[in-house]
Structures are given as structure tokens and as C-alpha cells.
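The values are calculated or read from the model by the stated rules, or taken from the named source; none is laboratory data. It should be emphasised that the depicted structure is a prediction, and the values quoted were computed from it without experimental measurement. Every residue, glycine among them, receives a Cβ derived from its backbone with ideal geometry; neighbour counts consider all protein chains shown.
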Amino acid sequence: MALRWQLLKRTVDNAKSALRHNQPGISLSGYFSTSPSFADAPPRLPPFDYQPRPYRGPSGDEVLLKRKKFLGPSLFHYYQKPLNIVEGKMQYLFDESGRRYLDAFAGIVTVSCGHCHPDILNAITEQSKLLQHATTIYLHHAIADFAEALAAKMPGNLKVVYFVNSGSEANELAMMMARLYTGNLEMISLRNAYHGGSSNTIGLTALNTWKYPLPQGEIHHAMNPDPYRGIFGSDASLYAKDVQDHIEYGTSGKVAGFIAETIQGVGGAVELAPGYLKQVYDIVRKAGGVCIADEVQTGFGRTGSHYWGFQTQDVIPDIVTMAKGIGNGLPLGAVVTTPEIASVLASKIQFNTYGGNPVCSAGGRAVLNVIDKEKRQSHCADVGPHLIQRLRDLQQRHDLIGDVRGRGLMVGVELVTDRKNKTPAKAETAVLFEQLRELGILIGKGGLHGNVFRIKPPMCFTKDDADFLAEALDYSMSRL
Ligand SMILES: Cc1ncc(COP(=O)(O)O)c(C=O)c1O
């Protein structure tokens, strides 16, 4: 086995230099003639007509040294040999040597429209040339225009927008609103959820890997309605009953609110059991609470079938939080709610220095325009099922794949060592993760046990990219 890995590593290392620029016409089959079992050439990145600039900055090793010296010890990096990514263009990234990678994780789902999208770049640079400071104390059209455009994307009476700088801030604000509006304290979130790393949102977060042992502040974690791993399968009403039980037996009978991602992101692209949110929203509202949808990863058309993830469950939340894709990489977040709920914040000064600054607002508005102009939602509806089907085909041939799930371009592949017990294939996931990088694919890894590949590329990801990803996974798995 060790010898097979050494051979594979050597052949992949040799192939790497040839793959570096992915020049059409380079045949890699020669690199794989060292062993008959590795006769098949590795799959190749789809062609892409773009030449990255020559990089003259510090090397990855130098950057790593400096990070270790000057940045917090909690900072982690992907890959045994961390990548020094220095340029991006649409769905591709380039490292310091100019090697191209398919970005199947979009910088943790932040890049919605593509790296350095020209329209968004243009909006940001033009605004930067004119003015950039915190301007809600003066008038500026950018924040008002952006708020109007975002409100137009919301259903029901979700018409009041607050801008913040991150997903954690958005969820902090949403939780504060819920508590002030209802006069209740207790919140309910789901196990396996991630809602942020600030001191309050870490309480909503239920993934132990991310949680510091601090007081959680009146937060209950309900059973995760996970159709694959949950004990009730896809039976939404049994999971909803758990929320009812929390309210009845764990609180005074009243709650401030319920928050859920509509597809869990960090938790491993887990779609909630169909019909779950509808039932839970009813229960929570009867207990005096408001319902918060965390759209930090699922919003802006990524699910393909809908613009917002909550629409896949046919509900309208009272508060919606968003970040990441809203800014195509800019530090930007938002909370959208009803005028009635928003009115509770009017009793004090509610202020966020950089929230809705002109540059981020111009960029965010450009993101909304690009998603519409380039029909990114319907693109996700087209490419997502193709990718999922390719992955399900692989599942037929590789026992390691326990589950393929997701919607549009928000996809999870869960690896297990045995399908019956669903034992997480942690080591195999880690090896394949490195192998995919060797083949030129940067993917996300997550889930409670770290055994889920998270595929959430920029929404310009194509069917050719999907084929390449599936072939690379097949290629690596066949050699495990
Ligand atoms: C669903 C969800 N909510 C909230 C957050 C927190 O966002 P941020 O890291 O911008 O604070 C994240 C981050 O990964 C997330 O995935």
C-alpha cells in the first residue's frame, strides 16, 4: 500500500509541473507509465484563456513563518504544505508558481460571481476613487441604492435592511433584535450548526470543533433534522417535536427565536428534512418567538431552484441574515427584517461604523446586478444537478461515498468506511483532500467528523469543471 502511494505521489509530482499551466496539447500519459496500475492519465483542468501575472512577492514558506510569528495561534491552514494563492480569475485560482487550480470552495463560499469579476471590480474601484469612509451620518446614495435593491429580492414584508461587516455580526444583530422584540431571552438553534465565532454567535453554533467553553447564554440546541444521519431520517415532524419539547420542558414556554441555516454549511452541506422549517416556524411563533434564516452560505441563487435557501422549505422568516456571497469577497453582511421588528432598535442609537460604507455598498449592488445579468441562479439550477448526478454515479462505484447531497452549487459528499454504520472515513477524506489538490482542485472539508467534501464553487463554475472534479475524485478514489 505504502509503495502504491509513493508511486502515485511520484507520478503526480511529475505530472504537476506539466499541469502547471495546463497548456493544451501536453500529454500526461507518459508520466503515468511507471506502473501499469497507474496507466490512466490524470484528468486535466478544462482550458481557460488567462495568463496570471508573474508573481514577485514572498514565497509561501516566508509567509507561513511570518503568520506563525505575528498572527494568533488559532489560525489554521488547509493542506500539509499550505498554498500561497496570489491571484484569482472567475472560478480559478493561481499559486505563486502560476499553477492554476479549480476553486470548488470559493474562499469558503464568499466568492459568488467569480474571482475579480470585472463588473464588481469596476464598481469597487470607481467608488474608491470618489469616496470611502463611514457615511451613515451623512447622506450617500450607495447604501440607499443597495438597500433598495436587496429589499426588492426579499419576499413578504422583509423590507428593512441593516448592513454589517460579517456573518457573525449579522447573527449578533438578529439575535439582539429577536430578544428585544419578543421580550424573551431563550434562543433555539440546531445541532451541527455554525452561526459565527463571536461570543454570542458561538453559543448558537453547535459544532464542538468551533466552540469555546464559555457560558452559552440561554441557548438550546435542537436535534438536527439531518436526513442522512439523523435518527428520524427525513421525518420532519419528529424533529420538530424536539423543538416543541425544548420549549415545553426547557424554557418558561416562551422563546425569543429560532435560527437555522437552510442548508448547513460548515456542518457539511446538510439539507434539513423536507417540511421541517414550516412546522418549526409554527411552533416557535406560537411560543412568542421569531424565526431567523441564516442565509450566509445559501443565499443569492446558489441553490438554483430559489434565490434564498428558506424558499426551498416554503417559509418566510421574520429575520434573514446574510454575508459571504453578498460581497463576492468584500467584508459585507446584512440583516433584513420587517418594519415592525426593526422598530425595536429605534429606541437607542444602533450604529455600525463600516456597515454599508460606499465601497462595500457599490460592490454589493454590483453583485446583485451580475447575478441577474448573468442568470447565475438558473446556471446553478443547470450545473448543480449535473454535478450531483456525476457524484451519484461515482457513489455507485465507490463504497466510500456514503451520501451525495445538496442543491444547486451547494453540494456535500460524505465519506464513510462502511455504509451500514456510516463510520466517518476521516483518514480517507484527508488523503483524498490532498490528492485533489495535487490534481488541481481546491475543495472544502467539513461536517462534524471532518469527513464531508464541501463543494460550493463560484457560481460561474461550469459543467466542464464539474466533469473534471468528478473525474479527479474517481481517479483518486480508484487509487485508494
Ligand atoms: C452559515 C454561517 N453563518 C454565519 C457565519 C459567520 O460568518 P463570518 O465568518 O463572516 O462572521 C458563517 C461562516 O462561515 C456561516 O457559514
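Before moving on, here are some points about what is shown:
- Counting the residues of region 169-186 that are under 25 Å from the mean Cα position of the chain (by Cα), more than 8 Å from the ligand (Cβ to nearest atom) and among the small types (Gly, Ala, Ser) gives 2.
- Of the criteria (1) surrounded by fewer than 24 Cβ atoms within 10 Å (Cβ to Cβ); (2) within 13 Å of the ligand (Cβ to nearest atom); (3) within 19 Å of residue 152 (Cα to Cα), which one residue 339 fails: (2)
- Lone qualifier among 208, 192 - being among the polar types (S, T, N, Q) and within 15 Å of the ligand (Cβ to nearest atom): 192
- The one condition from (1) within 30 Å of residue 129 (Cβ to Cβ); (2) surrounded by fewer than 24 Cβ atoms within 10 Å (Cβ to Cβ) that residue 363 does not meet is (2).
- The set of residues from region 321-336 being within 13 Å of the ligand (Cβ to nearest atom), closer than 20 Å to residue 369 by Cβ and in a strand (DSSP E or B) comprises 322, 333, 334.
Residues checked against (1) under 20 Å from residue 292 (Cα atoms); (2) assigned by TED's automatic domain parsing to the domain that holds residue 135; (3) out of contact with any strand residue (DSSP E or B) (no Cβ under 8 Å at 6 or more places or on another chain):
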site	(1), (2), (3)
319	yes, yes, no
337	yes, yes, no
344	yes, yes, yes
351	no, yes, yes
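- Selection of region 77-96 for residues being under 30 Å from residue 383 (Cβ atoms) and surrounded by fewer than 16 Cβ atoms within 10 Å (Cβ to Cβ) yields 77, 78, 79, 82.
- Region 315-327, residues that are surrounded by fewer than 23 Cβ atoms within 10 Å (Cβ to Cβ) and either touching a helix residue (DSSP H, G or I) at 6+ places or on another chain (Cβ under 6 Å) or without any contact (Cβ under 8 Å) to a residue 12 or more places away in the chain (or both): 315
- Contact map, region 105-118: first residue within 12 Å of the ligand (Cβ to nearest atom), second residue hydrophobic (A, V, I, L, M, F, W, C), Cβ cut-off under 7 Å, separation 6 or more or different chains; pairs are 105/442; 105/443.
- Any hit, region 226-242, residues being under 24 Å from the mean Cα position of the chain (by Cα), without any contact (Cβ under 8 Å) to a residue 60 or more places away in the chain and within 16 Å of the ligand (Cβ to nearest atom): yes
Residue-by-condition table, conditions (1) within 15 Å of the ligand (Cβ to nearest atom); (2) outside any loop (DSSP other than H, G, I, E, B):
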| position | (1), (2) |
| --- | --- |
| 278 | no, yes |
| 288 | no, no |
| 298 | yes, no |
| 302 | yes, no |
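- Residue 369 part of a loop (DSSP other than H, G, I, E, B) and not aromatic (Phe, Trp, Tyr): no
- Where helices (runs of 4 or more DSSP H) fall entirely within region 93-170, those with at least 1 residues that are in contact with a strand residue (DSSP E or B) (Cβ under 7 Å, 6 or more places away or on another chain) and modelled with pLDDT of 95 or more are at 141-151.
- Hits in region 422-467 - residues which are aromatic (Phe, Trp, Tyr) and out of contact with any helix residue (DSSP H, G or I) (no Cβ under 9 Å at 6 or more places or on another chain): 433
- Here residue 166 meets each of (1) in the same structural domain as residue 304 (by TED's automatic domain parsing); (2) more than 16 Å from the ligand (Cβ to nearest atom); (3) within 21 Å of residue 459 (Cα to Cα) with one exception, condition (2).
- For region 414-436, the tally of residues that are in a helix (DSSP H, G or I), surrounded by fewer than 18 Cβ atoms within 10 Å (Cβ to Cβ) and not aliphatic (A, V, I, L, M) stands at 3.
- Region 230-254, residues that are assigned to a loop (DSSP other than H, G, I, E, B) and touching a helix residue (DSSP H, G or I) at 6+ places or on another chain (Cβ under 6 Å): 232
- Residues of region 243-262 that turn out to be within 18 Å of residue 277 (Cα to Cα) and either at pLDDT below 95 or over 24 Å from the mean Cα position of the chain (by Cα) (or both), as a count: 8
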